[in-house]
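Values quoted throughout were computed directly from the atomic coordinates according to the rules given, and no laboratory measurement underlies them. Owing to the predicted nature of the structure, the values given are computational and were not obtained by experimental measurement. Every residue, glycine as well, gets a Cβ built from its backbone with ideal geometry; the counts of neighbours run over all protein chains shown.
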Amino acid sequence: MSQVVRTPRVFSGIQPSGGLTLGNYLGAMKRFVDMQDEGIETIYCMVDLHAITVWQDPDKLRHATRELCAGYIASGLDPEKSILFNQSQVAEHTQMAWIFNCVARMGWMQRMTQFKDKAGKNAQNASLGLFGYPALMAADILVYHTTRVPVGEDQKQHLELTRDIAAKFNHDYGVDFFPITEPVIEGAATRVMSLRDGSKKMSKSDPSDMSRINLTDDADTIAKKIRKAKTDPEPLPSEVEGLAERPEARNLINIYAALNEQSVEQVMADVGGRAFSEFKPMLAELAVAKMSPISGEMARLMQDTAEIDRILTSGAARARTIAAPILKQTYEIVGMVGA
């Protein structure tokens, strides 16, 4: 098969399941903004169809979808530069997902660790959507012939599945149609951990609000949470290796590095030997400077949800101009009459 020349294109999405955190910002949204200015076409989605793999209150889902859009924009995404939309407004995602349901193998799906984690011992009562949603994720990516996807470590396995589906489709139909999408995993804080337990990921589902910084937190709340973050009694080491067995220290250093756009090594050179009583105020000041403008702008945007809806609808129309021809070609390759 001859190699197809492809337009460089980035796609990624976040579930609008409520409660955006610093982890969403550093692990995803900040990188989305950086990519927006690299001269590559960027498509960012609110994956509301993924959200309903577990039951969602409809009013809360609508609010969370708009709030996520506000978070995208407040973080620096420009609806004129990037395509912003919610997944359910672009039917090509689910149409492509059915094709991929028929390409993916049951064994591939059964190896997905996220399904095992989310379904737990109650797997027989989990929704079919929760089991099969990696095929929809593959459709989200490949319906735009995406070449690069910024992902967190916990989504790497799903992107590997996307690559497997693309390769199997191309092989089965003797084409070089779908790209083998490359993951983009970079930065000091791609996985932000809990402020109360450095071994656990920062999560909106943690019972303690002190475990996370929410994108809606004001300056005083951000500073308070940093001050009260769990630490150990030792001063900060001067070398990165010294953080290996100190998860809370490592997490706070990673957060500082990511917010200040420094490497961890650079931060260690600056703060090595300092006590946490010195370092925490530095981190609190930095976090407030970077994050409180985002929470303020989100609050302002949420005062006009009609404008948010207009942005989402406009973005969906732009997304469909890319997705519709790719889906049509897919149907033609598969052998659908009238495609």
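Odds and ends about this structure:
- Placing +1 on each Lys and Arg Cβ and -1 on each Asp and Glu Cβ, with no other charges, gives the range 1-139 a dipole about its Cα centre of roughly 600 debye.
- Listed by chain and number, the lysines placed with their C-alpha closer than 29 angstrom to that of Lys225 are Lys30, Lys60, Lys118, Lys200, Lys201, Lys204, Lys280, Lys290; residues fewer than eight positions away on the same chain are left out.
- Put a dot 7 Å past the Cα of Trp98, heading toward its Cβ, do the same for Ala324, and the two dots end up 1.8 nm apart.
- Relative contact order computed over the chain (Cα-Cα under 8 Å; 6+ residues apart), in percent: 23 percent
- Sequence of Val184, Val143 once ranked by neighbouring C-beta atoms within 10 Å, starting from the fewest: Val184, Val143
- Mean-position separation - Cα centroids, the range 174-232 and the range 59-112, in angstrom: 20 Å
- Entry note, the chain: the mean residue ellipticity at 222 nm calculated from DSSP H runs of n ≥ 4, each adding -39500 (n - 2.57), is -16500 deg cm²/dmol after division by the residues and rounding to the nearest 500.
- Peptides 328-334, 24-30, ordered by how many other C-beta atoms sit within 10 Å of their residues on average, highest first, read 24-30, 328-334.
- For the range 209-300, fraction of C-alpha pairs farther apart than 16 Å, in %: 53 percent
- Close amide H contacts of Thr21 (hydrogens built in the peptide plane, cut-off under 5 Å, sequence separation of 5 or more or a different chain): Leu215.
- With a Förster radius of 30 Å applied to the beta-carbon distance between Ala306 and Trp55, the computed FRET efficiency rounds to 0.65.
- Spacing of the modelled spin labels on Ser263 and Val337, each 7 Å from Cα toward Cβ, amounts to 6.2 nm.
- Sorting Ile180, Ile311 from the fewest to the most surrounding beta carbons within 10 angstrom yields Ile180, Ile311.
- Highest mean packing first, where packing is the average number of other Cβ atoms within 10 Å per residue, the peptides 83-89, 222-228 line up as 83-89, 222-228.
- Whole-number Å³ per residue for the convex hull built on Cα positions in the chain: 153 Å³
- Farthest toward positive dipole pole in the chain [+1 Lys/Arg, -1 Asp/Glu at C-beta], among Thr42, Ser211, Gly296: Ser211
- Only Lys, Arg (+1) and Asp, Glu (-1) charged, at Cβ; the chain dipole about Cα centre in debye: 780 debye
- Packing order of peptides 50-58, 131-139, highest average first: 131-139, 50-58 (average count of other Cβ atoms within 10 Å over each peptide's residues).
- The range 59-89 residues near the modelled Ala317 label - backbone nitrogen below 16 Å, point 7 Å along Cα→Cβ: 79-81, 83-86, 89
- Contact order for the range 209-300, expressed relative to its length and based on alpha carbon pairs under 8 Å spaced 6+ residues apart, stands at 42 percent.
- A full extension of the chain between Ala126 and Leu286 corresponds to an added length of 53.4 nm, given 0.36 nm per residue minus the alpha carbon distance.
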